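In what follows, a structure is listed as structure tokens, so that the remarks can point back to it.
Please treat every number below as a calculation from the coordinates, not as lab data. Note that the coordinates shown come from a computational prediction; the quantities given were computed from them, not determined experimentally. Here the Cβ is made from the backbone with ideal geometry for all residues, glycine too, and neighbour counts use every protein chain on show.
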Amino acid sequence: MKKVALAVTLFIGALLLYAAKDFSVWGHLQSPASASPVSKHFIADTGVDTEVPNMVTAVLADYRGFDTMFETVVIFIAGIAIIAILRRTGADADSPAIQRESDVVAEPDLIVTNTVRLLIPVIQLFAFYVLAHGHVSPGGGFQGGVIMGASFILVALAWDLPKALDRLSVDRAIMLAGVGILIYAGIGLFSMLLGGEFLDYAELSHVLPVSREMARYHAMLGVEIGVAFTVTTVMFAIYANLSTRGRLEGGL
Amino acid sequence: MFGEEGLLNELLVERFNYCVYVVLLLIGLYAMIAKNNLIKKLIGMSIFQTAIILFYVSIGVKEGATIPIYLAEHDPHGHHAEHIVHLDEANTIDVSEENATPLRLSHEQDHGHHAPRSLTDEETLGYANPLPHVLMLTAIVVGVATLGVALALTQRIYRAYGTIEEDAVLAAIQAEDAATVIPDVLATKPKAKKG
């Protein structure tokens with residue numbers, strides 16, 4: 001079996017290397033990815049269309065806004081799926097947790113908890129910075145959301161899971177994840193009500209005291225906030241469920 | 001096949017990034033096919049995913065280009081802010097009616113120079129294509145979420161069968177099937193004979 005697998009793998013590797021010969025040279029200016037009209041359009045006109053200096057954010061939240069919305073929905077669905085798969089019902093719920101020797105209740109370590117107490121405000125502030133500054137520097141909703149989610153996971157690691165769940169219970173996490181998607185879709189629908197197409201942020205200039213380009217700039221921030229809500233809460237929900245096999249107690 | 005000097009040079013020097021991605025991809029693929037342990041299969045899947053991410057990011061590389069964020073001189077927003085400051089200055093001086101015309105002139109010139117404009121072809125050469133970065137940015141986060149689902153399924157399998165070795169799980173499933181299907185087969189056989 002293993003020999004067959006190795007043969008198949010090596011055959012595919014040979015095919016891929018054979019194909020790699022036709023790829024353009026590393027960093028070549030005329031490579032399809034660099035010379036395509038799409039790339040040129042994004043680089044040349046993002047500033048004119050949206051006034052956002054970070055092209056990655058502009059492409060993510062505006063040009064490809066529909067795609068990103070459903071990426072966020074995928075994350076939301078993954079969070080729900082993990083809870084549904086691991087939730088204990090009926091006979092499962094009654095069965096007592098397996099007692100292990102490592103289950104002895106220990107006091108959270110003083111040094112660890114105090115360090116974390118100092119670190120968490122910095123981490124969360126940095127998450128907000130990454131989120132809000134995503135237009136002009138590397139960052140955005142996904143990155144800020146992951147950093148924010150990490151701060152909650154850090155609480156669970158340093159103390160225990162119930163302490164983190166006191167701050168953000170899994171039910172509330174999933175609710176907030178839904179709120180994030182509603183913010184995203186809501187901005188899209190709102191621009192539709194104002195006469196544009198779905199996610200056509202420029203129409204928001206009818207209600208915001210800014211130009212059409214700046215309306216797209218500000219709407220992108222709103223959309224990124226929605227993404228950050230979903231990513232933060234789903235990351236924490238995934239950790240909380242996986243680390244306790246769905247029991248949501250004890251933890252590491 | 002690879003003994004030829006030109007081909008080796010072409011593959012290992014000019015296209016080294018593709019070699020690395022192929023190797024990573026093969027490690028992941030082999031782990032997914034050959035390993036018996038479900039967690040090891042998932043580790044293979046993650047390595048495979050990393051190979052794809054490396055592939056996308058490396059085709060986005062452009063010689064002499066910087067990250068796809070406008071430099072200060074191309075930054076539309078920076079000029080916009082500057083533009084507002086100019087307007088304010090012009091307004092306050094309009095009120096005091098001192099040196100109004102020269103400032104206004106300079107402001108007009110600034111406007112012509114600083115209004116957001118498309119970059120020329122020459123200037124676009126200075127920035128990498130943002131699209132591969134966008135695609136991988138979402139792929140990484142979605143990859144974490146889907147890996148979470150896979151791990152949850154593995155935990156569920158462990159809860160049900162007490163093992164995450166694939167062959168043991170398969171044997172258990174077959175044993176279960178055999179236990180439930182055989183009575184049905186016995187019940188239907190006489191009917192088949194009659195028919």
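Before moving on, here are some points about what is shown:
- When each of A:Lys3/B:Lys35; A:Lys3/B:Lys41; A:Lys3/B:Lys40; A:Lys40/B:Lys62; A:Lys21/B:Lys62; A:Lys21/B:Lys35 is checked by Cα-Cα distance, pairs over 23 Å: A:Lys21/B:Lys35
- Amide H contacts under 5 Å for B:Tyr127: B:Thr66, restricted to partners 5 or more places along the chain or on a different chain, H placed in the peptide plane at 1.01 Å from N.
- Here the spin labels are modelled as points 7 Å beyond Cα on the Cα-Cβ line, and at B:Val20 and A:His206 they lie 5.0 nm apart.
- Normalised convex hull volume, the range A:25-93, alpha-carbon set, Å³ per residue: 143 Å³
- With neighbour counts taken as other beta-carbon atoms within 10 Å, the residues A:Glu213, A:Glu224 rank, fewest first, as A:Glu213, A:Glu224.
- When chain A is described by a simple charge dipole with +1 on each Lys and Arg Cβ and -1 on each Asp and Glu Cβ, the residue from A:Ser205, A:Leu110, A:Ser243 located farthest towards its positive end is A:Ser243.
- Shielding of peptide A:236-244 by partners, expressed as the average count of other chain Cβ atoms within 10 Å per residue Cβ, is 2.
- In sequence order, calculated HN-Hα J values of the range A:14-24 (Karplus, 6.51, -1.76, 1.60; Hz; x Gly/Pro): 4, 4, 5, 5, 4, 6, 4, 4, 8, 5, 6
- Here's how it looks for B:Asn37: its modeled amide H is under 5 Å from those of B:Glu166, which are all 5 or more places away or on a different chain.
- Placing dummy labels 7 Å off each Cα toward the beta-carbon, the span from A:Tyr18 to A:Thr89 is 5.1 nm.
- Contact order, relative form, for the range A:112-252: 29 percent (alpha carbon pairs under 8 Å, 6 or more residues apart, mean separation divided by residue count).
- Computed [θ] at 222 nm, deg cm²/dmol, chain A (DSSP H ≥ 4; -39,500 (n - 2.57); rounded to nearest 500): -22500 deg cm²/dmol
- Between the residues A:Pro53, A:Ala5, A:Ala156, the greatest Cα displacement towards the positive end of the dipole of chain A, with unit charges on the Cβ of Lys, Arg, Asp and Glu, is found for A:Ala5.
- Spacing of the modelled spin labels on A:Phe128 and B:Ala178, each 7 Å from Cα toward Cβ, amounts to 6.3 nm.
- Overall, chain A carries a charge dipole of about 640 debye about its Cα centre when +1 sits on the Cβ of Lys and Arg and -1 on the Cβ of Asp and Glu, all other atoms neutral.
- The calculated FRET efficiency for A:Leu182 paired with A:Ile120, based on their beta-carbon distance and R0 = 35 Å, is about 0.80.
- Sorting A:48-54, B:136-142 by their mean Cβ neighbour count within 10 Å, with the most densely packed peptide first, gives A:48-54, B:136-142.
- Ranking of B:Ser58, A:Ser36, A:Ser151 by count of other Cβ atoms within 10 Å, fewest first: A:Ser36, B:Ser58, A:Ser151
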